[in-house]
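J.: Next up is a structure, given as structure tokens.
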Amino acid sequence: MKANKQTSPWRWIPTLYIAEGLPYFAVNTLTVLMYVRLGIGLKEMAFYTGWLYLPWVIKPFWSPFVDLIKTKRWWTVTMQWLIGICMASVAFLLPTSLFFAGTLAAFWLMAFFSATHDIAADGYYMIELDSHEQAAYVGLRSTFYRIASVMGQGGLVMLAGYLEEKTGDISTAWTATFAILSAFFLAVAFYHSFFLPRPEGDKPKAGVTAHTILRDFGTTFVTFFQKRYIWSALAFMLLYRLPEALCLKLVQPFMVTPRAGGGLALTTAEVGFVNGTIGVVALLAGGIVGGLAISRGGLKRWLWPMALSLTQPCAFYCVLAMVQPESFFWISAAIFVEQFGYGFGFSAYMLYLIYFSRGESKTSHYAFCTAFMALGMMIPGMAAGWLHEVCSAHSIFGVDSPQGFINFFWIVMAACVATLIVCAKVRIDPRFGKKETGA
């Protein structure tokens, strides 16, 4: 029996999963818009911020050592303090002449600490709660992670936009934004230092050594690549989200770029609203509908409709780039449809990772799958800025676009073919995902 059983999960799950989500969105979303607003070119921004995915790609290689050293609670709280310090470092470095290199270093450390925090926090959740409680509170956990998404992609961006207008200085606005974020995060770390429960079972695993970890890791690594249909599975993991991976680094820059440069000329605050509220609501709705659909018909039946749902809304960006509508309503409506389609289509992807991970060592194999998922986002994202530069300098598909966004989004549409090809090659049990079969 846990000695701290009187501590309600409501006292720590909300803050724990806000702390898990905020640094992820700060690293992978705020950096894109911040660097563009500070004058960094799209090619440099996409390439260097793309490297920030790396800690999530290589996370499975050091995650076993979190079990070997200290406790999950210690790792969780320590990473939160370090993340808060990194956020403060970003605020300190932004006004300096070395802001780009300095803040990139701070963000990379933040990404590493955040990926480690993910390992520790999820492990802590499973130690502190029994299996029944884990199921009972999974909705609360997911809800507050999504709240972190709204805060990171919406609230903080709108705050930065408000401060840009209020101060008239972009660097000052983002400095203040990260100072506020740091203060909030350090307050969460302080709270958890004293009030996060101390489970009796939270201790290093007995009999586990670095040698046994390396031996077991080697075994699971080999067995992962010995799985049936491994190559078609890897192709699916890396290419199913290719259109999204290309878009992700340039959608926000496209929104804030002046019309003369081929963009939509939205303010920073407007981007925060359309992405962090309208976009997140649509994404969640699409995910919920997708989950319900798969539970009724199974993953194999819904794979193609979901692949089309993921890819075809990319055409909205082509239309937005060609028409450049002035109406904020129509821009918001297009983003809503695109994000709903993405949320619906992404359901198939995540469920496939679970499907392919089945069998022995399913937890470790799932970690490998998520690593390939991150790699599939990292490499295309790094190339997106270079691709936009090429599109700006050449006529592509018969379209002469000195700004490059029209041609870039047409190339994104062409990349949808890769998604459809890997869907044709992947192998899935028709029973998997159906509620009535339990498969």
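The values are calculated or read from the model by the stated rules, or taken from the named source; none is laboratory data. Please read these numbers as outputs of a predicted model, since none were measured by experiment. We place every Cβ from the backbone using ideal geometry, glycine too, and count neighbours over all the protein chains shown. Keep in mind that these areas ignore ligands, DNA and RNA; they rest on the heavy atoms of the full protein, side chains included. Shrake-Rupley method; radii C 1.70, N 1.55, O 1.52, S 1.80 Å.
J.: Starting from segment 172-196, take each residue that is closer than 18 Å to Thr71 by Cβ and list its partners that are open to solvent by less than 50 Å² (accessible area, probe 1.4 Å) and small (Gly, Ala, Ser), counting only C-beta distances under 7 angstrom and pairs at least six apart or across chains.
T.: These pairs meet every condition: Ala189/Gly84.
J.: Among the residues in segment 31-51, are any within 30 Å of Asp202 (Cα to Cα), open to solvent by less than 10 Å² (accessible area, probe 1.4 Å) and touching a Leu at 6+ places or on another chain (Cβ under 9 Å)?
T.: No, that holds for no residue.
J.: Return the total of residues in segment 159-182 being in a helix (DSSP H, G or I) and open to solvent by 60 Å² or more (accessible area, probe 1.4 Å).
T.: Number of matching residues: 6.
J.: Restricting attention to segment 355-364, which residues are surrounded by 15 or more Cβ atoms within 10 Å (Cβ to Cβ) and on the phi < 0 side of the Ramachandran plot?
T.: Correct list: Tyr355, Phe356, Ser357, Ser364.
J.: Could you check segment 309-331 and list, in sequence order, the residues that are open to solvent by 30 Å² or more (accessible area, probe 1.4 Å), in a helix (DSSP H, G or I) and touching a residue at least 60 places away in the same chain (Cβ under 8 Å)?
T.: Matches in segment 309-331: Gln312, Ala315, Met322, Phe328.
J.: Would you mind stating whether Tyr342 is closer than 29 Å to Trp108 by Cα and open to solvent by less than 20 Å² (accessible area, probe 1.4 Å)?
T.: When the stated conditions are applied, Tyr342 does not pass them.
J.: Spot the failing condition for Thr78; the list is (1) under 19 Å from Ala189 (Cβ atoms); (2) in a helix (DSSP H, G or I); (3) open to solvent by 60 Å² or more (accessible area, probe 1.4 Å), and only one is missed.
T.: (3)
J.: Which ones in segment 253-277 are in a helix (DSSP H, G or I) and either hydrophobic (A, V, I, L, M, F, W, C) or touching a strand residue (DSSP E or B) at 6+ places or on another chain (Cβ under 9 Å) (or both)?
T.: Phe254, Met255, Val256, Ala260, Ala269, Val271, Phe273, Val274
J.: Moving on to the next point. Report yes if some residue within segment 223-233 is over 23 Å from Lys425 (Cβ atoms) and not in a loop (DSSP other than H, G, I, E, B); otherwise report no.
T.: no
J.: Kindly indicate the residue of segment 397-439 that is touching a Phe, Trp or Tyr at 6+ places or on another chain (Cβ under 8 Å) and part of a loop (DSSP other than H, G, I, E, B) and also modelled with the lowest pLDDT among those meeting that condition.
T.: That would be Ala439.
J.: Which members of segment 260-274 meet the condition of being open to solvent by 10 Å² or more (accessible area, probe 1.4 Å) and modelled with pLDDT of 90 or more?
T.: Scanning segment 260-274 gives Ala265, Leu266, Thr267, Ala269, Glu270, Phe273.
J.: Here's a follow-up. Return yes when Leu242 is touching a helix residue (DSSP H, G or I) at 6+ places or on another chain (Cβ under 9 Å) and open to solvent by less than 10 Å² (accessible area, probe 1.4 Å) and no when it is not.
T.: It is false that Leu242 is touching a helix residue (DSSP H, G or I) at 6+ places or on another chain (Cβ under 9 Å) and open to solvent by less than 10 Å² (accessible area, probe 1.4 Å).
J.: Go through segment 223-235 and count every residue that is open to solvent by 40 Å² or more (accessible area, probe 1.4 Å) and β-branched (Val, Ile, Thr).
T.: 1
J.: While we're on this one: Output the residue which, of all residues in segment 81-132 that are of a type in the set (S, T, N, Q) and part of a helix (DSSP H, G or I), is surrounded by the fewest Cβ atoms within 10 Å (Cβ to Cβ).
T.: Applying the filter and picking the extreme gives Ser131.
J.: Moving to a separate point now. Would you mention how many residues in segment 183-222 are farther than 30 Å from Ala91 by Cβ, open to solvent by less than 70 Å² (accessible area, probe 1.4 Å) and in a helix (DSSP H, G or I)?
T.: 6
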